[in-house]
Amino acid sequence: MLEKQKEFIRLVREKNINKNLKYSILTMGCQLNENDSEKIAGMLEEMGYNVIDDYKNADLIIFNTCCVRENAEERLFGKIGEIKKLKENKNIILAIGGCMMQEKNMLDKIKSSYQFVDIIFGTHTIQNLPENIYKTLEKNQKVKDVIDIDGEIYEGLPIKRNSKFKASVTIMYGCDNFCSYCIVPYVRGRERSRKPEKIIEEIVQLSKEGYKEITLLGQNVNSYKGNDKIKNFADLLNEVCKIDGIERVNFISPHPKDFTDDVIDAIKNNKKISRIIHLPLQAGNTKVLKEMNRKYTKEQYLNLASKMYDRIPGLVLSTDIIVGFPGETDEEFEDTLDVVRKINFEQIFMFIYSKRDGTVAAKRNDQVPEKIKHERFDKLKKLYESKVDENNQKYIGTVQKILIEGNSKYNNNNFEGRTSTNKVVIVSQNNKIKIGDVIQVKITENHKWYLKGEVL
Ligand code: 5AD
Ligand code: SF4
């Protein structure tokens, strides 16, 4: 971490001493944002702030925003309005950061219509938060700290993780793919990979602290670029799996076009790697895929999926699908349903296409009417849900390795954990098992959104 920022951490801590100040972070969007928020929390705790769940009682409120789809904007403005009222009665610092602040129109709107916001920061300037908070506290200054260049990678930021057993580790930042619907390459900048030795160092440390499950994060993890020793994503997976104490390794998201055989072999050869792989389809029709700039056809996707099923026993797939991309016809949408019928996806994250200013697809004048987009969404959801029971049935009678994550949200007398394929399993609590244990469970019942099992 920058020495300069360490000094600001010290200065803020001195100012805050004995004040018992509280912070609250509201995170929108993906796991990369969650991981950024864990770093923000790490810095805030070193500055003497303590976390509080209800942001209405906080002295420092941070919004870490997402702009991948439209609906997040209205929510953000609503929340900012609430905080304006709170600020009238109490000295609260309000900071807004993340992807939305990298969009010029959003930044302008916040600056002109929400002048009471104290700090605005982007995706490349999180590490400057100590300095920005200091300026606000000391000089009552409004700070805008957003840069457009591709940020550097800052190692060694303090971090306060959300779990004691599962940890996310960002391996690369940014994206170079420019899928025509997606705003991420514009707000997160070009692809930059972390040095492999830094990643390994972080995971070794996590294993010493008792972490059992690691999720490697990036917008396009399988285009990770390492060095002479750990060259690519397959090498990185192999090295991470060698770390003692780590029992399960996940990664999101890979891109089908970069899913090379060495990555398939790495999954096959390392039992620690989850048997659910996220393989974003986005659309099933080759023409739509081309217009999305996805760089694979329907057939290539199907072939890749069947190659993975063949080579990796017990594998299941999850996916992302967008319905109603501009120009998508009913027949073209049928191809998406066809792929879903052919590939028994264990999980589908479904999205209605959302027009993002600045992207290629947003300029098209053949946008699909809202009503049709919703109809397609409902059709896809129905098809997916009709397959959940069938998918669950294959688990009955099998023995699964489960990492116990906590009390079940379905029934508080039970523990809840996940299989290597990310299925929620609940088991009765007994004094031989505790949170964080990895145990063998025989699956006995299917309850659609979770399974029930007996501890062996
Ligand atoms: N509209 C709808 N969904 C989108 N995604 C990305 N951009 C958009 C958009 N403009 C979805 C993709 C991606 C996931 C994280 O979000 O499916 O994989
Ligand atoms: Fe967006 Fe495509 Fe990059 Fe994923 S790969 S972040 S969908 S541009």
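All of the numbers you see were taken from the coordinates with simple rules; none came from a lab. Since this is a predicted model, take the numbers as computed values, not measurements. As a convention, Cβ positions derive from the backbone with ideal geometry for all residues, glycine included, and neighbour counts pool all protein chains shown.
Couplings for segment 168-176, taken from phi via the Karplus curve 6.51 cos²θ - 1.76 cosθ + 1.60 with θ = phi - 60°, read 9, 10, 6, 9, 8, 10, x, 7, 10 Hz in order; Gly and Pro are left as x. Segment 309-339 to segment 374-427: how many Å between their Cα centroids? So the separation of the two Cα centres works out to 20 Å.
Pairwise inverse Cα distances across segment 166-387, averaged and inverted, put the Kirkwood hydrodynamic radius at 18.4 Å.
Taking the DSSP beta bridges in the chain as the whole, what percent of them are antiparallel, to the nearest 5? Looking only at bridges with both residues in the chain, the antiparallel portion is about 35 percent.
Note on THR260 and LYS371: the extension gain reaches 36.1 nm, defined as 0.36 nm multiplied by sequence separation minus the Cα-Cα distance.
Here segment 204-322 is treated with +1 on each Lys and Arg Cβ and -1 on each Asp and Glu Cβ, and its dipole about the Cα centre works out to around 200 debye.
Return P(r) of segment 4-131 (all Cα-Cα pairs; 5 Å bins starting at 0; whole %; ordered from short to long distances). Pairs per bin, as whole percents: 2, 10, 21, 24, 22, 14, 6, 1, 0. Each peptide among 259-266, 83-90 gets the average number of other Cβ atoms lying within 10 Å of its residues, and from highest to lowest they stand as 259-266, 83-90. When both segment 151-170 and segment 7-32 are represented by their alpha-carbon centers, they are found 16 Å apart.
Taking K and R as +1 and D and E as -1, what net charge do the other residues with C-beta under 10 Å from the C-beta of ASP335 add up to? Within the 10 Å Cβ shell, the charges total -3. Across the alpha-carbon set of segment 146-229, the Rg to Rh ratio works out to 1.00, Rh being the Kirkwood radius.
A simple charge model with +1 on the Cβ of Lys and Arg, -1 on the Cβ of Asp and Glu and nothing else charged puts the dipole of segment 166-387 at about 280 debye relative to its Cα centre. Computed extension length for ASN89-ASN20: 23.0 nm, one decimal, from 0.36 nm per residue of separation with the Cα-Cα distance subtracted. Within segment 52-91, which residues have the backbone N less than 14 Å from the label spot 7 Å out from LYS160 along Cα→beta-carbon, could you tell me? Residues passing the 14 Å test: 52-55, 58-62. Enclosing the Cα atoms of segment 399-455 in their convex hull gives a volume equal to 68 cubic angstrom per residue.
What is the Å³ per residue value for the convex hull set by the Cα atoms of the chain? Intermediate results must be reported in sequence, preceding the final value.
Details: hull volume 72.6 nm³, N = 456.
Given the Cα convex hull of the chain, per-residue volume reads 159 Å³.
Estimated purely from DSSP H runs of n ≥ 4, each contributing -39500 (n - 2.57), the mean residue ellipticity at 222 nm for the chain is -11000 deg cm²/dmol once divided by its residues.
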